[in-house]
Amino acid sequence: MSQFTAEFIGTMFLILMGNGVVANVVLKHTKGNNSGWMVITTGWALAVFTGVVIAGPYSGAHLNPAVTIGLALAGKFAWSLAPLYIGAQLLGAMAGSFLVWVMYKHHFDNTEDRMLKLAAFSTAPAIRNRFSNIISEIIGTFVLIFVIFYVTNPVMGNTSQTPIGMGSLGAIPVAFLVWAIGLSLGGTTGYAINPARDLGPRIVHSMVPIKIKSKSDWSYAWIPVIGPIIGAGIAAGLFLILE
C-alpha cells in the first residue's frame, strides 16, 4: 500500500466510524439515538484505533494535517511529503463522510433539526465566540500533538517501521489520547483537532441532497482548520525546546 493510499483509506475509516457514531447518536429513529457524549467520544476513540491500525505500517497513520505539519515542524517528517499526505487526508475524510450519508440517508431525511444534521458532518461550538472557540481548538490539538511525540517516541511517519510498538495494539495509546481529549476538552467546540476531519465532511455536507438542510456554516469553518495548525505548531516548538 502506498503512503497516499494508506492515508486516504485510514482517514476514510476514521471519518466513517467517527462521524458514523455522531449520526447514530443525533439523528432520529436510530438504535443509538440520544445515547450521549460518552458514546460519541468512545466511538471517535475507536475510530482512531481503526484508522491507525490500517495506515500505521505504511504511512505512519497521520490521518490529520495537524499531525503531518507538527511532525514536519519538529523535523520528524519530510516537508516534501506533506502535500501528498494532506491531500490524501482531505479526500479520505470526504469519502468517509459520504459513506456516513449513504448509511444514514433515511435518518437524515427524517430528522427535522438542521443543526443536528450538520453535526453528523462537521463540528460547531456550544457557545459561539470566535476567540474562545479557536483557543479551544489550539489547546486540544496542542495536547494531541505534544503527547503523540512521546507516545510514538517521535518516529511517526518513518515508514521503515511500524511507528507505534506492539503491532496493531500500538494504536491503543493514541486512541486513548483522543478519547481523553474528547471527554476533557471536547465540550466547547466538539474537538475537531483535525482540519481534514472538519473541512472534508463540511464540503460533502454542502454537496449531498438532504431534506431540510441547513447551510454548511462556512463562517465558522476556518476555526477548526487554523486552530489545529496553530496548536500543532506550539506543540512542535515546545517539543524541540524540551528535546
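A short reminder: the numbers here are calculations on the coordinates, not readings from a lab. A quick note: this is a predicted structure, and the numbers were derived from the prediction, not measured. Please note: Cβ atoms are built from the backbone with ideal geometry, for glycine as well, and neighbour counts cover all protein chains shown.
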Scanning the stretch 122-134 for residues that are surrounded by fewer than 24 Cβ atoms within 10 Å (Cβ to Cβ) and over 12 Å from residue 186 (Cα atoms) gives 127, 128, 129, 130, 131, 132, 134
Mind checking whether some residue in the stretch 21-31 is closer than 18 Å to residue 196 by Cβ, touching a residue at least 60 places away in the same chain (Cβ under 8 Å) and not in a loop (DSSP other than H, G, I, E, B)?
yes
One residue is enough: does the stretch 76-88 have a residue meeting the conditions crowded, with 24+ Cβ neighbours inside 10 Å and touching a residue at least 60 places away in the same chain (Cβ under 8 Å)? yes
Checked pairs for the stretch 35-47, first of a type in the set (A, V, I, L, M), second surrounded by fewer than 21 Cβ atoms within 10 Å (Cβ to Cβ) and outside any helix (DSSP H, G or I), C-beta under 9 Å and 6 or more apart or across chains, list as 39/32
Only one of (1) of a type outside the set (Lys, Arg); (2) surrounded by fewer than 24 Cβ atoms within 10 Å (Cβ to Cβ); (3) part of a loop (DSSP other than H, G, I, E, B) does not apply to residue 193, and that is (2)
- Query: over 16 Å from residue 195 (Cβ atoms), polar (S, T, N, Q) and touching a Lys or Arg at 6+ places or on another chain (Cβ under 9 Å): does that describe residue 123?
  - Reply: no
**OP:** Determine, yes or no, whether residue 56 is crowded, with 22+ Cβ neighbours inside 10 Å and over 15 Å from the mean Cα position of the chain (by Cα).
**Re:** yes
Those residues of the stretch 105-121 that are within 11 Å of residue 210 (Cα to Cα) and crowded, with 18+ Cβ neighbours inside 10 Å come to a total of 5
